[in-house]
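What follows is a short report on a single structure.
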């Protein structure tokens, strides 16, 4: 990827970054890079994520999915980091003969609807949970298994398991001889896209998983001690520095439908990694050009607290706009949808700058396996770099435990004081 | 809808609203309600939106869609307020024999892919643009028309137009005798869901558009001068008051897959209406329970600048979770997905309160036409009320014009100084 931080500088914006800011940042990046490299060398918890492109064995994944090679659809049963990476890759790499559906919620109507639309006999079930005890994932998996039983389909012939070293899913895989893969040790879910966690559906769909990993390796080679020579670190450092100046929201706005899920994946990466100790930029998912007609008014005229990250993909296919005799629209005729999208991208970028809103341009050369693999890797590296600059524990997510205990207690899974707190809710109801 | 603002009060949160705050707000609500009622009585620009449930003629819409009653799919070609209301209604009311697809972006690969998946001979094209000159919409419509020509389909027999009194689309509809409907005068796009703009696809899909309007009328009847007796105003006033206390982000988080598009619709409503003069809460779209595994860490442990709006739907269908012999999961067996979702909803609500994050509960009795119509209406009323409290021009969106002129200039549609500004972009590129 290429990054252009011109519209984040004080030559454009009153509150932009100065040359001195960048030099200070560059020194901090150098120190952070050393820390990150040490973590990678020792495969430390979290930092090990940046070793996945070499650690992941694509052949092992291809072998595991062989039994379900006849599938017309793959159904991923997972949630959060166990689903978003796979969804991002499928969407970015585009259509295949094998559909990819994701059960990452416990909405009864949605789960029933999804199952009733599938030919279960030709569906591969890709169940993913490190612990093997994630309530949403296991509940959905039990329901899927039951539906297969009812449809006379042998679920053991259609299921691929990706889980940790031990736990109920590992036991199940061992007990039934299911093809199974590892959630890599030392890698938080949101950093696991370039492992079996993200790659199993891509393999079933016939995408180039070796290419995804090769893209990750190329991105790994691009990491270095200076933000001026490393796009990933330039992004992480710029986002951090702007947050320090009050730009506390980071709008991720790709100009490509294929990157809509990517924006969601990024939102988890950024929120869960950096949302600690009262800090952390709030990621907002948007989509260009669509959201120009929805959110742009706020971005330009609302509070000056937003960084916009605008992503565009070059080398897209043509789609000519037919000529028309309508005078008001004559300017569109003979151009191409891609030109229109580009014009809107550049116009929005400049319109934000003109309104004193910092924005960063990220450009990708196409949406092929290599560029998608590199994008995911570089955003992970950007996030880890930012975590060093914020000085937070990038790789944990302790704040979600309270709610998990409360939910479990509410369902009768033990006595938890959190469940008691729920029962005593303060109310002021209006209806 | 019912609303519960208990978790926004100072009895729960250090920074919560006091009784005195609520009383002051209630006086402001009374004044704002008078202003709103005057606007409604005189059908003033914007305020007229709240008259749509009585002003919209469902029979006229049903008649207009008769020629495309044989459709297997409806393709909405529109953007922003010309697409999101219709998408929200389709998603909330659920599956039908007629699919609803939306072209609300100018991504070449996506447009091509969408068209190639459709049987154009059995597709209804629902083109929506008030001015009839919206670049993205007209470009896409020209491409759709061309694709129909190429497929030997008479586009004039498959197209329904919704547009303003005059402009190129109105001329086209008149010239070809196409069924056409009006974008209602005095109603900004984002407030037009309960007009032809939002209802045409629902009518083609066989949904109960009279029920949607009846829901809107019931909601209109619920408006009154006190926030303690009007859920819509209670929501708008609470959100406004919390923004004044530094809760500058409003996370809209429905616990229902069918309301995912609603969160997007809400985000436009809130952003474009209130993002003015340096003010405006930033709407963030989220989805429960999914985003508990993605965003919740940030919401609880990050900056204390967020209001969470948690929406749940009661009376959902059952989906039992099968019993399992796995000890760690025994607590799930014999319960229902809906119970799990509910437990997660209440646990998250309480976990946010325990972390000093204000949150508001909105409850809907099912996702039928009446409740969806009422929800849309009440959120619009909440937004208009908030606009009065912020004292902004709720119904305009002047900040998006700069970019439109720039894009048009870049495509050769005239000389605009904005296009020149684009050409002189400051760059600092890293690759």
Self-check item: Inter-copy label distances at residue A:396 (7 Å, Cα→Cβ; nm, one decimal)
Solution: 5.2
Quiz item: Roughly how many Å is it from the Cα centre of segment B:157-229 to that of segment A:165-198, as a whole number?
Solution: 50
Quiz item: What are the nm distances, shortest first, from residue A:206 to its equivalents in the other copies, labels at 7 Å along Cα→Cβ?
Solution: 3.4
Self-check item: Inter-chain shielding of A:349-360 (mean C-beta neighbours from other protein chains, 10 Å cut-off)
Solution: 4
Quiz item: Hey, if you drop one equal point scatterer on each alpha-carbon of segment A:2-55 and run the Debye formula without solvent, what base-10 log of I(q)/I(0) do you get at q = 0.17 Å⁻¹?
Solution: -0.69
Quiz item: P(r) of segment B:253-356 in 10 Å steps, Cα pairs, percent per bin?
Solution: 13, 36, 32, 13, 4, 1
Quiz item: Taking Cα centroids, how far is segment B:342-414 from segment B:1-64 in Å?
Solution: 13
Quiz item: Can you give the angle from 0 to 90° between the axis of helix B:369-390 and the longest principal axis of chain B, with both taken from C-alpha atoms, to the nearest 10?
Solution: 80
Quiz item: Scaled to the compact-protein estimate 2.2 N^0.38 Å, what is the alpha-carbon radius of gyration of segment A:130-204, rounded to two decimal places?
Solution: 1.12
Quiz item: So between residue B:57 and residue B:228, what do we pick up on full extension, going 0.36 nm a residue minus the alpha carbon distance?
Solution: 58.3 nm
Exercise. Determine which chain A residue has its Cβ at minimum distance from the rotation axis mapping A onto B, giving the value in whole Å.
Key: A:284, 3
Self-check item: Position residue B:320, label points 7 Å along Cα→Cβ, spacing to each other copy in nm (shortest first, one decimal)
Solution: 6.1
Quiz item: Over segment B:50-207, how many percent of alpha carbon pairs lie in each 5 Å bin up to the one with the longest distance?
Solution: 2, 10, 21, 25, 23, 14, 5, 1, 0
Quiz prompt | Residue among A:105, A:250, A:126 with the largest mean-square fluctuation in a Gaussian network model of chain A, springs linking Cα atoms under 10 Å | solution = A:105
Practice problem: Output the relative contact order of segment A:39-188, whole-number percent, from Cα pairs under 8 angstrom with separation of 6+ residues. | Solution: 28
Quiz item: Dividing the alpha-carbon Rg of segment B:206-317 by 2.2 N^0.38 Å yields what?
Solution: 1.18
Self-check item: Theoretical FRET efficiency, 1/(1+(r/R0)^6), r = Cβ-Cβ of residue A:330 and residue B:417, R0 25 Å, to 0.05
Solution: 0.70
Practice problem: Per residue of B:2-8, count partner chain C-beta atoms within 10 Å of its C-beta, then hand back the mean as an integer. | Solution: 4
Practice problem: Calculate, for residue B:112 and residue B:365, the FRET efficiency according to 1/(1 + (r/R0)^6) with r their C-beta to C-beta distance and R0 51 Å; round to the nearest 0.05. | Solution: 0.75
Exercise. At 7 Å along the Cα-to-beta-carbon direction for both residue A:35 and residue B:426, put a label point, then send me their distance in nm to one decimal.
Key: 2.9
Quiz item: Just counting partner chain Cβ atoms within 10 Å, what average do the residues of peptide A:130-140 show around their Cβ?
Solution: 5
Quiz item: Mind checking Rg over Rh on the protein assembly as shown, alpha carbons, Kirkwood formula for Rh?
Solution: 0.94
Quiz item: So, in nm, how far is label residue B:277 from label residue B:70 when the simple model puts each one 7 Å beyond its Cα toward the Cβ?
Solution: 5.6
Quiz prompt | Förster radius 51 Å - calculated FRET efficiency between residue B:15 and residue A:174, Cβ distance, rounded to 0.05 | solution = 0.50
Practice problem: On a 0 to 90° scale, report how tilted helix A:108-117 is relative to the longest principal axis of chain A, with both axes built from alpha carbons and the result rounded to the nearest 10. | Solution: 80
Quiz item: Mind checking which of B:88, B:249, B:133 has the largest fluctuation in a GNM of chain B, springs on alpha carbons under 10 Å?
Solution: B:133
Quiz item: Quick one: helix B:19-41 against the long Cα principal axis of chain B, what's the angle to the nearest 10°, folded into 0 to 90?
Solution: 20
Quiz item: Using the alpha carbon gyration tensor of chain A, what are the three equivalent-ellipsoid semi-axes (square root of 5 times each eigenvalue), largest first, in whole Å?
Solution: 36, 27, 24
Quiz item: Hey, what does the equivalent ellipsoid look like for segment B:286-431, semi-axes from the Cα gyration tensor as sqrt of 5 times each eigenvalue, largest first, whole Å?
Solution: 44, 23, 18
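Read the figures in this text as sums done on the coordinates, not as results from a lab. Values in this document were obtained by computation on a predicted structure and should not be read as measured data. Cβ coordinates were reconstructed from backbone atoms using ideal geometry, including for glycine residues, and neighbour counts include every protein chain displayed.
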